Amino acid sequence: MKKIFKILLPTVLVLLTFGTFTACSGNDDPTPPPAGAGQEQAPTQPDAPTPPDAPPVTGDALRVGVSMPTMDLQRWNQDGENLQRMLSERGFVVDLQFAANDVPTQVAQIENMIGAGAEVLVIAAIDGDSLTEVLAQAYEQNIPVIAYDRLIMNTPAVTYYATFDNFLVGQMQGEFIRDALDLPNQDGPFYIEFFTGDPGDNNIFFFFPGAMSILQPFLDDGTLVSPSGQTDIMTVATPGWSSENAQNRMENLIALNNLTPGGHALHAVMCSNDSTAQGVTNALINAGFTADNFPIVTGQDCDIISVRNMIAGTQAMSVFKDTRVLASNVVDMVAAIADGRAVPINNTTDYNNGVFYVPTYLSDPIVATLENYRELLIDGGYYTEAELYG
Ligand code: BGC
């Protein structure tokens, strides 16, 4: 009982604050449900009385279940490690699981976390639409759920969301291509192909439109041309964000229009992240491109392989999303929940999960290029020289 009280009271306290926020924001989308509260509770009225401050948690350490999608991509290993270390340092008990990019595995792992007494869940979903059922259990048991990096869709059970500004990530990629090709001042045509990520990851619906918000006008006026004509988000999606799938599709596109140094020109490939960029780069190298004539390839994450590719001239940019910052924001959220303080958020209007606008904490991404990667990644202590050059 004490445990549930510790969780429920701060959650209700924070939701009362959000109820007021969203009521003032003037949008008429569904009201955030009383997440983490039982059906009888309806604490989102703007004029509901303010509950007393919850006491800080001083007794048993809070048990936090952390569910990461896969160990296959560098970033999720870093995210998992950072969360485990930072949560443990703050005295929380951590149950960290990686789900091998397999939805049933992730569902089973979350079920186990709930069964083992998790009091807060932090989840980076493999497929944002597949957790509705398992999270209904969390909702019934008043367990706050923080969606980590990827929004969890179609459930009232997600209590908070922490991520980077995903639309801005895409805009940065589009702006990089626009500026590198000087599109506003050139007639073109410049030839470009597009790659985004897994269709089950809600983030692509921010990354890709972000990039297109910059590039679409140039496609419309013919300055940019896609040789394949494939510019629709679902057509350019990459299942599992896998490098291999991206490489296969790039090889097909190369074959389709002879996109080779001696053949049809190719100036840029807009990739939404580094794992897809790496597959594209492999295909372009196999097609005969070298650093001297390499098309502009974009990415995000500053994966070690991609930073090495930037140094080698086979990827032009990445977007740095410091996983230490994201993890530390999430740890602050967990601590606020535990202490009954207001949970830090800075966005209540952009991330609708199909049920409500989820209270969100957005961090800023940073463009990484050959010019600034040393300062960002080595001076910033993210990587050692040996990791990048060894
Ligand atoms: C993350 C990216 C990552 C991609 C593939 C997205 O949800 O925001 O940083 O590259 O998943 O793992």
Boolean, residue 188 is touching a Ser or Thr at 6+ places or on another chain (Cβ under 6 Å), modelled with pLDDT under 95 and within 29 Å of residue 227 (Cβ to Cβ): yes
Whichever residue in the stretch 200-219 is among the small types (Gly, Ala, Ser) and buried (at least 16 other Cβ atoms within 10 Å of the Cβ) and, among such residues, is nearest to residue 350 (Cα to Cα): 210
Subset of the stretch 309-359 (residues that are within 18 Å of the chain's Cα centre (by Cα) and small (Gly, Ala, Ser)): 318, 327, 328, 354
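Are there strands (runs of 3 or more DSSP E) fully within the stretch 314-390 with at least 3 residues that are farther than 15 Å from residue 147 by Cβ? List them.
318-320, 366-368
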Total residues in the stretch 280-301, condition touching a Lys or Arg at 6+ places or on another chain (Cβ under 8 Å) and more than 10 Å from the ligand (Cβ to nearest atom): 0
Set 205, 164, 195: member being within 15 Å of the ligand (Cβ to nearest atom) and without any contact (Cβ under 8 Å) to a residue 40 or more places away in the chain: 205
Complete set of residues in the stretch 119-128 that are crowded, with 24+ Cβ neighbours inside 10 Å and either of a type in the set (Asp, Glu) or in contact with a helix residue (DSSP H, G or I) (Cβ under 9 Å, 6 or more places away or on another chain) (or both): 119, 120, 121, 122, 123, 124, 125, 126
Matching entry among 222, 197, 240, 263 (being buried (at least 24 other Cβ atoms within 10 Å of the Cβ) and either in a helix (DSSP H, G or I) or modelled with pLDDT of 95 or more (or both)): 197
Answer from 146, 152 - the residue that is within 16 Å of the ligand (Cβ to nearest atom), under 23 Å from residue 359 (Cα atoms), β-branched (Val, Ile, Thr) and part of a loop (DSSP other than H, G, I, E, B): 152
Residues of the stretch 68-78 classified as under 21 Å from residue 114 (Cα atoms) and either within 9 Å of the ligand (Cβ to nearest atom) or more than 14 Å from the chain's Cα centre (by Cα) (or both), total: 2
Matching residues, the stretch 97-118, being buried (at least 19 other Cβ atoms within 10 Å of the Cβ) and more than 18 Å from residue 132 (Cα to Cα): 98
Residues that are within 16 Å of the ligand (Cβ to nearest atom) and either closer than 16 Å to residue 371 by Cα or assigned to a helix (DSSP H, G or I) (or both), drawn from the stretch 302-313: 302, 304, 305, 306, 307, 309, 310
Count of the stretch 220-236 residues which are touching a residue at least 24 places away in the same chain (Cβ under 8 Å) and either out of contact with any strand residue (DSSP E or B) (no Cβ under 9 Å at 6 or more places or on another chain) or more than 16 Å from the ligand (Cβ to nearest atom) (or both): 10
Residue within the stretch 174-184 that is more than 16 Å from the ligand (Cβ to nearest atom), outside any helix (DSSP H, G or I) and farther than 26 Å from residue 334 by Cβ present: yes
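Conditions (1) over 22 Å from residue 163 (Cα atoms); (2) touching a helix residue (DSSP H, G or I) at 6+ places or on another chain (Cβ under 8 Å), marked per residue:
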residue	(1), (2)
179	yes, no
209	no, yes
228	yes, yes
242	no, yes
276	no, yes
282	yes, yes
Those residues of the stretch 88-105 which are in a helix (DSSP H, G or I) and touching a strand residue (DSSP E or B) at 6+ places or on another chain (Cβ under 9 Å), in sequence order: 88, 105
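For every residue, the table says whether it meets (1) closer than 22 Å to residue 290 by Cβ; (2) more than 16 Å from the ligand (Cβ to nearest atom).
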position: 238; (1), (2): no, no
position: 243; (1), (2): yes, no
position: 246; (1), (2): yes, no
position: 252; (1), (2): yes, yes
position: 264; (1), (2): yes, yes
position: 268; (1), (2): yes, yes
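The values are calculated or read from the model by the stated rules, or taken from the named source; none is laboratory data. Everything numeric here is computed off the predicted structure, so don't read it as measured data. Ideal geometry is used to build each Cβ from the backbone, glycine not excepted, and the neighbour counts take in all protein chains shown.
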